[in-house]
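Let me begin by presenting the structure, written as structure tokens, before commenting on it.
No lab work stands behind these numbers, since they all come straight from the coordinates. Fair warning: this is a prediction, and the values are worked out from it, not measured in the lab. Cβ coordinates were reconstructed from backbone atoms using ideal geometry, including for glycine residues, and neighbour counts include every protein chain displayed.
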């Protein structure tokens, strides 16, 4: 995702050629839809803005789990598509 966003930014500035993939991502971002290539992270029916917040929450949850050990309470929907 990060690499694609960097490339998209360069393409929008005219530093690199806008490929079909980058154009699809740009259109998805404009329409507040999760790009198809990014939906492999986890399944969700949420729009892009809510999906991004949920992704950050999942990453934070898993990072805390790794750094602080197994939590007492698990966020079940953080593991799969509810």
Subject >> Most fluctuating residue given options 47, 71, 35, as computed from a GNM of the chain linking Cα atoms under 10 Å >> reply: 71
**OP:** Would you compute, for the Cα atoms of segment 1-59, the largest minus smallest coordinate along each principal axis and list the three values in descending order, in whole Å?
**Re:** 34, 20, 16
Original post:
Simple spin-label model, 7 Å along Cα-to-Cβ: residue 48 to residue 67 in nm?
Top reply: 2.9
**OP:** Could you tell me how many degrees, from 0 to 90 and to the nearest 10, lie between the Cα long axis of helix 48-68 and the main elongation axis, the longest principal axis, of the Cα atoms of the chain?
**Re:** 50
**OP:** Name the most mobile residue of 50, 28, 19, meaning the one with the largest mean-square fluctuation, in a Gaussian network model of the chain with Cα contacts below 10 Å.
**Re:** 19
Original post:
What is the helix-to-structure angle for 2-13, meaning the angle in degrees between its Cα long axis and the longest Cα principal axis of the chain, kept from 0 to 90 and rounded to the nearest 10?
Top reply: 30
Original post:
Which whole-number percent gives the relative contact order of the chain, counting Cα pairs below 8 Å spaced six or more residues apart?
Top reply: 20
**OP:** For each of 65, 38, count neighbouring Cβ atoms within 10 Å of the residue's Cβ, then give the residues from fewest to most.
**Re:** 65, 38
Subject >> C-alpha long axis of helix 20-30 to longest principal axis of the chain, angle in ° >> reply: 60
